[in-house]
């Protein structure tokens, strides 16, 4: 029945069934989020019920999208939980990371040679983040880490192994099971019991009582703004997708026209991800996930579950800024489990780890090497060029800004698709 419905929508919109199925299942997260936020509110509902609803609905979405392939995800999560139970605190992070590396490596190799109706690689990449997050949080919280914890590690640490239900709702929750975003287990548990809203605002004298539910800030503006952005990008993709296929290149074609086609093709591909990231971010906010406190003007911030700043990425004028605004939760994860943990060249280790996380195609490693070189080159050039061009009148200043934007789109844009 679901398959027939997807076929009908595919015929109506003229889009592939996989894309229609993904959009349909992502949008289905909105009513589920409303149920979790208002009907199953933590003030009136058992945490067991909330965890059960979140995990079962997420499993159903994954099963509808992946079919029998969802069993591979269940196996990944099940073995990961067994490791948490049996591994000593001193090495639980290594066992969790080892299992994650083994599973994702095998999955990436198989995915490179197998093309099915839907590939679970992206969801595996998200699951890997969650499994390693839990392992490192237990390592920090159960006495395994003998080094002083930084502020973030102290905040995210776990002092006991989560229950099976908590673990399943963390891994398979409906608002992140397909394309993310990923948060830590501590952030997920705080969201599920409502304690994520017990944050002092700049104008309050103290935090809300741990035994009372704080007044929840409105998520209407972030939800609507992210939803509108997602609609904008899916509309653009629908209109422009036919133009991303390679066009016959006329050798006499102007080089600037070729560059424009190239940038447009990269933008069309990115628009798919902009849509998926903004939809899931919006759904997370509807459910109550994403709140991270207040700014200095006492306005609520809803960026914890944000994976991309679309406007910032598309109008970025340097490589570093683009990387900071793209795959935000993945970058945060790599910083927490690699950059802050290794003692040898953390920057190089992070780039290599990120390349492995994406797969084994040589292009990934060439791409991340190019990104690293682009970041270093852009940093050196800005030190000289920025003061020179920005201090010589508005015409030269804007010419410089446009030139850096074009160069960023040409050299960095293809790397973030």
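The values are calculated or read from the model by the stated rules, or taken from the named source; none is laboratory data. The structure displayed is predicted, hence computed values, not measured ones. Quick reminder, even Gly has a Cβ in these numbers, built from the backbone with ideal geometry, and neighbours come from all protein chains shown.
Name the residue, out of 86, 92, that is closer than 16 Å to residue 185 by Cα and free of Cβ contacts under 8 Å to residues at least 60 places away in the same chain. Explain how you work it out, then say what you get.
Numbers: 86 fails: closer than 16 Å to residue 185 by Cα.
Every option except 92 fails the conditions.
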- [ ] Output the number of residues of segment 7-22 satisfying the condition of being within 26 Å of the chain's Cα centre (by Cα), within 22 Å of residue 278 (Cβ to Cβ) and either in a helix (DSSP H, G or I) or in contact (Cβ under 8 Å) with a residue 40 or more places away in the chain (or both).
- [x] 6
Task: Residues (at pLDDT below 90 and either closer than 20 Å to residue 152 by Cα or within 17 Å of the chain's Cα centre (by Cα) (or both)) located in segment 293-309 - done: 293, 294, 295
Open item on the list: Can you confirm whether residue 301 is surrounded by fewer than 17 Cβ atoms within 10 Å (Cβ to Cβ), under 19 Å from residue 227 (Cβ atoms) and free of Cβ contacts under 8 Å to residues at least 40 places away in the same chain?
Closed with: yes
Open item on the list: Among the residues that make up segment 113-121, is at least one of them out of contact with any helix residue (DSSP H, G or I) (no Cβ under 6 Å at 6 or more places or on another chain), in a helix (DSSP H, G or I) and either in the same structural domain as residue 340 (by TED's automatic domain parsing) or in contact (Cβ under 8 Å) with a residue 24 or more places away in the chain (or both)?
Closed with: no
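Yes/no matrix, rows are residues, columns are (1) closer than 13 Å to residue 172 by Cα; (2) modelled with pLDDT under 95:
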{"position": "35", "(1), (2)": "no, no"}
{"position": "43", "(1), (2)": "no, yes"}
{"position": "56", "(1), (2)": "yes, no"}
{"position": "67", "(1), (2)": "no, yes"}
{"position": "85", "(1), (2)": "no, no"}
Open item on the list: Restricting to segment 127-163, name every residue that is part of a helix (DSSP H, G or I) and out of contact with any helix residue (DSSP H, G or I) (no Cβ under 9 Å at 6 or more places or on another chain).
Closed with: 151
- [ ] Collect the residues in segment 297-326 that are closer than 19 Å to residue 366 by Cα and in contact with a strand residue (DSSP E or B) (Cβ under 7 Å, 6 or more places away or on another chain), keeping them in residue-number order.
- [x] 326
TODO: Check off (1) at pLDDT below 95; (2) within 21 Å of residue 315 (Cβ to Cβ) for residue 281 and give me the number that stays unchecked.
DONE: (1)
Task: Near pairs, Cβ below 6 angstrom, 6+ apart or cross-chain, from segment 251-269 (free of Cβ contacts under 8 Å to residues at least 24 places away in the same chain) to any residue that is part of a helix (DSSP H, G or I) and surrounded by 14 or more Cβ atoms within 10 Å (Cβ to Cβ) - done: 265/244
Task: Set 287, 265: member being over 20 Å from the mean Cα position of the chain (by Cα) and either buried (at least 19 other Cβ atoms within 10 Å of the Cβ) or closer than 24 Å to residue 28 by Cβ (or both) - done: 265
TODO: Can you tell me which residue within segment 322-348, out of those that are surrounded by fewer than 18 Cβ atoms within 10 Å (Cβ to Cβ) and over 23 Å from residue 157 (Cα atoms), is nearest to the chain's Cα centre (by Cα)?
DONE: 324
- [ ] Collect the residues in segment 96-112 that are within 16 Å of residue 139 (Cβ to Cβ) and either buried (at least 18 other Cβ atoms within 10 Å of the Cβ) or not assigned by TED's automatic domain parsing to the domain that holds residue 159 (or both), keeping them in residue-number order.
- [x] 96, 97, 99, 100
Open item on the list: Here are the criteria: (1) in a helix (DSSP H, G or I); (2) touching a residue at least 24 places away in the same chain (Cβ under 8 Å); (3) surrounded by fewer than 17 Cβ atoms within 10 Å (Cβ to Cβ). Tell me which single one residue 360 does not satisfy.
Closed with: (1)
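Can you tell me which of 56, 25 is assigned by TED's automatic domain parsing to the domain that holds residue 172 and part of a helix (DSSP H, G or I)? Even if it seems obvious, please write down each step before you answer.
Details: 25 fails: assigned by TED's automatic domain parsing to the domain that holds residue 172.
That would be 56, the only listed residue that is assigned by TED's automatic domain parsing to the domain that holds residue 172 and part of a helix (DSSP H, G or I).
Would you be able to tell me the number of residues in segment 364-412 that are outside any helix (DSSP H, G or I) and either closer than 26 Å to residue 258 by Cβ or in contact with a strand residue (DSSP E or B) (Cβ under 7 Å, 6 or more places away or on another chain) (or both)?
From segment 364-412, those outside any helix (DSSP H, G or I) are 391-393, 412; that's our starting set.
From the residues that got through so far, the ones that are either closer than 26 Å to residue 258 by Cβ or in contact with a strand residue (DSSP E or B) (Cβ under 7 Å, 6 or more places away or on another chain) (or both) too are 412.
Count: 1.
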Task: Total residues in segment 164-196, condition in contact with a helix residue (DSSP H, G or I) (Cβ under 8 Å, 6 or more places away or on another chain) and not in a helix (DSSP H, G or I) - done: 12
